[in-house]
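The values are calculated or read from the model by the stated rules, or taken from the named source; none is laboratory data. These figures come from a predicted structure and were not determined experimentally. Ideal geometry is used to build each Cβ from the backbone, glycine not excepted, and the neighbour counts take in all protein chains shown. Each accessible area value is taken on the protein alone, full model and side chains, heavy atoms only, with ligands, DNA and RNA left out. Shrake-Rupley method; radii C 1.70, N 1.55, O 1.52, S 1.80 Å.
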Amino acid sequence: RDASGAICDQYSNSYANQIRTIHIQNGGPLRARLIGIEESVGEVLVFLDSDDCLRKDALEKISECFCDKTCDMVLYNADHCEKFSSISVEQYLKDGQIFEKQSKAELYKRIICNDVPNALWLKAIRTECASFPEYFMDFRMKHGEDLLLSTCFITNCNKIVYLNEGLYH
């Protein structure tokens, strides 16, 4: 056991209006994400793994896309940052490409076939579209939790925009 819980508590005490710490028993990444979604209070969810970081202007770019395109989800790329390799879906999606109504079928196909990464950390979503069936909380998945949530969230969104920028490191 490390001191990460205590460090998070210190941050949440120092920045009470910006950071909240939630302590739960380890139930896997799916359960942790679902509890995080349920406890969220903002308008948009951005997922970030503990060993990664966002580009300095990532939140600004994501926010601009939500405002300019009036969308429910923004897809973006991971980018090279020192030891990280690049993930780009440019060959399958075009910058500014919009998925809505019937065109979402193409996005489902690309995600399920692994042409487009299904990782939640390459998506920002309006909180109101991040609903999921209650029984998901009981799932103890070892693989595929991001695919499960990605397809669920895509279903809930009316308009999805792809931003060809490496915002995730």
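Taken per residue, the accessible surface of the range 23-169 reaches 57 Å², heavy atoms only and a 1.4 Å probe.
Straight Cα distances below 22 angstrom link residue 94 to the lysines 61, 69, 104, 109, 123, 159, with same-chain residues fewer than 8 positions distant left out.
When nucleic acids and ligands are ignored and a 1.4 Å probe is applied, residue 76 ends up with an accessible area of around 10 Å².
Expressed as a whole percent, the accessible area of the chain that falls on carbon and sulfur atoms is 48 (1.4 Å probe). Using alpha carbon centroids, what distance separates the range 1-22 and the range 105-165, in Å? Each part's Cα centre sits 28 Å from the other's. Rounded to the nearest 20 debye, the dipole magnitude of the range 1-155 is 300 debye, with +1 charges on Lys and Arg beta carbons, -1 on Asp and Glu beta carbons, and the Cα centre as origin. Loop sites by DSSP among the GluC sites (Glu not before Pro) of the chain, restricted to those with at most 16 other Cβ atoms within 10 angstrom, leave 91-169 as the longest stretch without any of them. Across the chain, Cα-Cα pairs farther apart than 29 Å form 20% of the total.
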